[in-house]
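The values are calculated or read from the model by the stated rules, or taken from the named source; none is laboratory data. Given the structure is predicted, the values throughout are model-derived calculations rather than measurements. Cβ placement follows ideal geometry from the backbone for every residue including glycine, while neighbour counts extend to all protein chains displayed.
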Amino acid sequence: MRQLKYKLRFDLWLFISMFLVCVSGMLGLFSIIYQNPVAGSSNILVKQVLAFVIGLMVIIFYLQFNYPTLKKYALGFYITSIVLLVLVLLVGSKVRGVRSWFVLGLFSFQPSELAKLAFIMFLAKYIEEMRTWKSWHDLAWPVLLLLIPVGLILLQPDFGSTLVFFPILLVMLYVGGCRLKYIVAMIGFGVLISFLTMVRIYAELQSTAVDNYIVRVIANPNYMLVFLVALGLSLSLIYFLAKRLKFKLSFKQMMAGFSVVTAGVLGSYIFEFLMKTYQKKRLVVFLDPYLDPLGAGYNIIQSKIAVGSGSWLGKGLLYGTQSRLGFLPEQHTDFIFSVLAETFGFAGGALLLILLFIIIWRGIIISNQARDEFGALVATGIVTMFAFHIFLNIGMTLGIMPITGVPLPLVSYGGTSLVMNMFAIGILLNIRMKRFYY
Amino acid sequence: MLIQKQTLKIIALRKKKVVVVGMIVVFGFVILFLRLFYMQVLNGRYFRQVAEANRIQRFYQKAPRGQIYDRHHRLLAVNIPSFVVSFTSYSLTQQEIERVSQELALILNLSLQEVKTRTFSSLQPLDPVVIASDITREQALTIMERKASLPGVSVAIEPKRQYPESNLACHIIGYVGELTLEEYKDLRSVGYRIGDKIGKTGLEAYYDNLLKGEHGEKQIEISASGRQLRLLRETDSLSGNDLELTIDSEVQRMVQDALQGVNGAAVVLNPRSGEVIAMASSPAYNLNTFLRPITRGEFQYLFKNRGRPLFNKAIQAQYPPGSGFKIVTTAAGLQEGFIIPEEKLECTGEMVLGTYNQVFRCWKKDGHGKISLSSALAQSCDVFFYQLGLRLGVTRIANYAKKFGLGSLTGIDLPSEKKGIVPDRDWKKKTVKEAWYDGDTLNMCIGQGYLWMTPLQMAGIFSAVANDGPYYRPKVVKKIISPDGKVIRDFFPEEQGIVELDRQNWHIIKKGLEETVTHGTGRQSYIKGLRVAGKTGTAQNPQGIDHAWFGCLAPVDNPQVVVVVFVEHGGHGGVVAAPIARTILAGYFKKSAVEGQAVTPEEIGD
């Protein structure tokens, strides 16, 4: 009887998709090793396979448990990850200028990967216990929960890894019943920051862009100040006019809107100040790779060539010229999708997209089938984490997203990331299996 | 119960929100999917081409240009090895490029700005850019010694044009220069590359596609770090074809010396074949000037000098021929039966024409008295030809001018030849917007007025006289020889035109022309022991000093050579041009050019 239940409740679609996606990643690594011995030693494939096996064991092990027990450990999990993030800054190893890894002999461990899952769990627990949202004060805790790991990761500094925390927070708050206006305000704040920053950096790099009127205003801090003052004045004018005409306008809402804009503008300056020159370039160079054809733009140009030249069926395993001749940078991590798309063409690339989509889609269904809010929230968080990584990474290789150095989950090389992502899949499987189990 | 209902409501709302998240995810995936389809399926062919080019680094080996030598195989244009520095920015960081630029600027003695505009110029990081060509041996050695600190920099030996005889036959040979951007746009499809040299004038331009040869190419597969993996394809460069000229450099040198100090041109050609033995335009210039950075003085000389050194006056100067044209009028008059050799006409020194009593003078104020055709030719009597011209009318004269090749290109194998003008009624109506008057006919029949021709066309007239009718297309290239010694093009005499006159008419013309040299206006060209038939000419120049012409053929009984001399603003043909022609003839036939009878402009006003 128990066996039958297992069969019924085990999400085979999700598991098989995850399995195939992981295999495709290993296939990519295999082709990289054989095509370009400079770019990757055979070590990376062995390590990846090992991590995959560990991941499978984690899944099987975890399926024996009941996922609500996570609630008990969520705080501990979160604190552990914070401690590890602090520790890695102190004793971690520096690889390419970033102190993100604990190196233990042959193996290395990246605590920021752990922090993502811990954040999801602890946030889910917090939201579930909240039950009702009274005011914006209730948002303070989640934001603080986000800022601690994000700040620590920024100190490494690993800008790309911090990005995923923001959509996770937004989506989980949204699903968790937070007032929509707070979500909108936060999205507006985020969009303003990134838009203003990107426009300013673009204007800095591309002198002809300054010809554009809007770009010129955004690029000049004095103009921005004038703009803010003008916005404030006109808003108060509208407010008083509306009052005279007996229109009801919420002073609070108007103030909130104004502060979001102001915060966005200020935030964009802080953001820009924090970033290094190469990071700035990477952020906007996808708009025009020839801004920096030998530097950041080079990656995009070469990745686009690799993907595009794959055509319908690809160049065949071990025949990818872009990857074989080493034109592609960071093949085994950031640009592994380009390798696969070049090798297997549209047929392979589309298949991989479909498999990834199945994982996401199963996650969404699992979230809706979850027996409690905690399960639903954790599932949503995991789905958001996957989807965001997928969009950012594949979008980057296709030249429609900035270069952020985000890996493709389950595919890119990286042991910690693979084990943690498989663990996340394990949680999803568990949420589904235990959905009638009270 | 109520609580349960509320809870159910909350759960339903949460599920809806999750579906909204799902929608956003679907939207994102659709975008990725479409983008992938767009890149791989719709643009796959384009990207595949880019990828093909991406892995290949191309190196070009410049082909040596074909050599140019004279009819006795004396070299006029050769190639010498020169050092060229190029730079490949591939796999270097911005700072490294900066540092390399600084060091190169120091070694090459160039400004840093100059070097940097080149080092940072290539968008295709694999394409080498030329930093400087023709650097000294010491500079080349320094760069090679410091190879370790100059990544991406390479020194290659490339053939460079040189003209060992500097200004000899400069207008014929022409010079080469770097391909301009406009030229590159037009010519890239036929294998020219930026940085290539291309013929700009003369034979270098006219036969550029035969002279240039083909670049050698090395295609090397490389890795991202710029490491060369393997040689994919290698083709050797193919030298250009050599040109063997009809020019005799000894004669050419002599002609150029004879023209020293005047602005003008001279043509020496073989009337039997049209082969140009010498063709000079004065002042000349040093062809090598264009192969190195030009100095201020050189620039002044080449572009500001009133003598216009770059202009090949032999084929580009168009002036009225003066009395040389009387040969054409004579031929027309005799052949068309408007005059017979025995007929004598009266020259009183002037002719009054028309209702306005316009006076047309002979160059000799007192007149020549009663004079026959051959004497009129010898003495260049204008009034005689006025009368003959009126009898003929403009149409017949123009027809004969065209028969002698005037008004059209000779077709010599040199660029930018001018064709001159043969005026007639239609031409005047179209161009001057005026009717043709008899006065125009009078001007025309003695070679003045609207009539324009080049010195080379004048040589055509004398060739026709020398051959009793046919004359041959002038040419300066005798053979084109491929690098492996095969003659790929051999030039044979090609009839340019024929003037059909009865034999005795040619005889009368030649007699008159010989008399010109022995007793007439061309006495200054007389050489003892050589029968020369010539004609002086003075092109009236209302703005200043007249232009001097002299054309001749020799020896009369078996013409071997036609010589035409033209001196811009020289004055009277018999005084200025004839002596130069004598020097040339004497040099050609190795005779001593003893001073003939001294003459003054008053004696030979023509």
Pairs under 8 Å by beta carbon, first residue farther than 28 Å from B:I97 by Cβ and surrounded by fewer than 18 Cβ atoms within 10 Å (Cβ to Cβ) in region A:289-315, partner at pLDDT 80 or above and hydrophobic (A, V, I, L, M, F, W, C), six or more apart or different chains? A:W312/A:F346; A:W312/A:A347; A:W312/B:V41; A:L313/A:F344; A:L313/A:F346; A:L313/A:A347
Against the definition (within 9 Å of chain B (Cβ to nearest Cβ), more than 19 Å from A:F122 (Cα to Cα) and in contact with a Pro (Cβ under 8 Å, 6 or more places away or on another chain)), how does A:I365 come out, yes or no? no
Counting only strands (runs of 3 or more DSSP E) entirely within region B:302-411, those with at least 2 residues that are more than 24 Å from B:G439 (Cβ to Cβ) and at pLDDT 85 or above are B:369-372
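So that you can scan it fast, the table gives a plain yes or no per residue for (1) part of a loop (DSSP other than H, G, I, E, B); (2) facing chain A (nearest Cβ under 10 Å); (3) surrounded by fewer than 17 Cβ atoms within 10 Å (Cβ to Cβ):
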site: B:I11; (1), (2), (3): no, yes, yes
site: B:R14; (1), (2), (3): no, yes, no
site: B:G22; (1), (2), (3): no, yes, no
site: B:L32; (1), (2), (3): no, yes, no
site: B:F37; (1), (2), (3): no, yes, yes
site: B:Q40; (1), (2), (3): no, yes, no
site: B:Y46; (1), (2), (3): no, yes, yes
site: B:E52; (1), (2), (3): no, yes, yes
site: B:A63; (1), (2), (3): yes, no, no
Please go through region A:342-362 and give me each residue that is more than 7 Å from chain B (Cβ to nearest Cβ) and either more than 13 Å from B:V26 (Cβ to Cβ) or β-branched (V, I, T) (or both), ordered by number. A:E342, A:T343, A:F344, A:A347, A:G348, A:L351, A:L352, A:I354, A:L355, A:I358, A:I359, A:R362
Residue check for B:E514: over 21 Å from B:Q318 (Cβ atoms) and in contact with a strand residue (DSSP E or B) (Cβ under 8 Å, 6 or more places away or on another chain): yes
Being within 17 Å of B:V328 (Cβ to Cβ), at pLDDT 90 or above and in contact with an Asp or Glu (Cβ under 6 Å, 6 or more places away or on another chain) is the requirement here; does B:W506 meet it? yes
Does A:I400 satisfy the criteria of being at the interface with chain B (Cβ under 9 Å from one of its Cβ atoms), surrounded by fewer than 23 Cβ atoms within 10 Å (Cβ to Cβ) and of a type in the set (A, V, I, L, M)? yes
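Listed residues A:G405, A:G415; which is on the phi > 0 side of the Ramachandran plot and away from every other protein chain (no Cβ under 14 Å)?
Numbers: A:G415 fails: on the phi > 0 side of the Ramachandran plot.
So the residue among A:G405, A:G415 that is on the phi > 0 side of the Ramachandran plot and away from every other protein chain (no Cβ under 14 Å) is A:G405.
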Can we say B:G570 is buried (at least 22 other Cβ atoms within 10 Å of the Cβ), under 24 Å from B:P474 (Cβ atoms) and at pLDDT below 90? yes
Filter region A:382-409 for residues that are hydrophobic (A, V, I, L, M, F, W, C) and under 16 Å from A:F335 (Cβ atoms) and give the result. A:I390, A:F391, A:L392, A:I394, A:M396, A:L398, A:I400, A:M401, A:I403, A:V406, A:L408
Applying the selection to region A:368-378, what residues are within 10 Å of chain B (Cβ to nearest Cβ), assigned to a helix (DSSP H, G or I) and closer than 23 Å to A:Y78 by Cα? A:E373, A:A376, A:L377
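Out of the residues in region A:120-175 that are among the small types (G, A, S) and in contact (Cβ under 8 Å) with a residue 60 or more places away in the chain, state the one that is nearest to the other protein chains (Cβ to nearest Cβ).
A:A124
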Residues of region B:354-389 that turn out to be within 22 Å of B:C552 (Cβ to Cβ) and within 38 Å of the chain's Cα centre (by Cα), as a count: 8
From A:L283, A:L245, residue being without any contact (Cβ under 8 Å) to a residue 24 or more places away in the chain and of a type in the set (A, V, I, L, M): A:L245
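In region A:150-161, which residue that is at pLDDT below 90 and crowded, with 21+ Cβ neighbours inside 10 Å is nearest to A:Y126 (Cα to Cα)?
Let us first name the residues in region A:150-161 that are at pLDDT below 90, namely A:154-161.
Going one step further and asking which of them are crowded, with 21+ Cβ neighbours inside 10 Å, we end up with A:156, A:160-161.
Details: A:Q156: 27, A:G160: 26, A:S161: 23 Å.
Step by step, filter region A:150-161, then rank; the result is A:S161.
Would you be able to tell me the number of residues in region A:329-339 that are buried (at least 24 other Cβ atoms within 10 Å of the Cβ) and away from every other protein chain (no Cβ under 11 Å)?
To start, the set of residues in region A:329-339 that are buried (at least 24 other Cβ atoms within 10 Å of the Cβ) comprises A:331-332, A:334-339.
When the remaining residues are screened for being away from every other protein chain (no Cβ under 11 Å), the result is A:332, A:334-336, A:339.
Number of matching residues: 5.
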Matching residues in region A:365-390 - criterion: being surrounded by fewer than 21 Cβ atoms within 10 Å (Cβ to Cβ) and under 14 Å from the mean Cα position of the chain (by Cα): none
Given the conditions (1) more than 14 Å from every other protein chain (Cβ to nearest Cβ); (2) over 24 Å from A:T404 (Cβ atoms); (3) not in a helix (DSSP H, G or I), report the number of the one that A:F227 does not fulfil. (3)
Candidate set: region B:272-301, residues that are polar (S, T, N, Q) and either more than 24 Å from B:S249 (Cβ to Cβ) or assigned to a strand (DSSP E or B) (or both); chosen: the one farthest from the chain's Cα centre (by Cα): B:T295
Residue in region A:342-358 that is surrounded by 20 or more Cβ atoms within 10 Å (Cβ to Cβ) and free of Cβ contacts under 8 Å to residues at least 12 places away in the same chain present: yes
Entirely in region A:245-314, the helices (runs of 4 or more DSSP H) that have 1 or more residues that are more than 10 Å from every other protein chain (Cβ to nearest Cβ) and within 21 Å of B:G44 (Cα to Cα): A:296-309
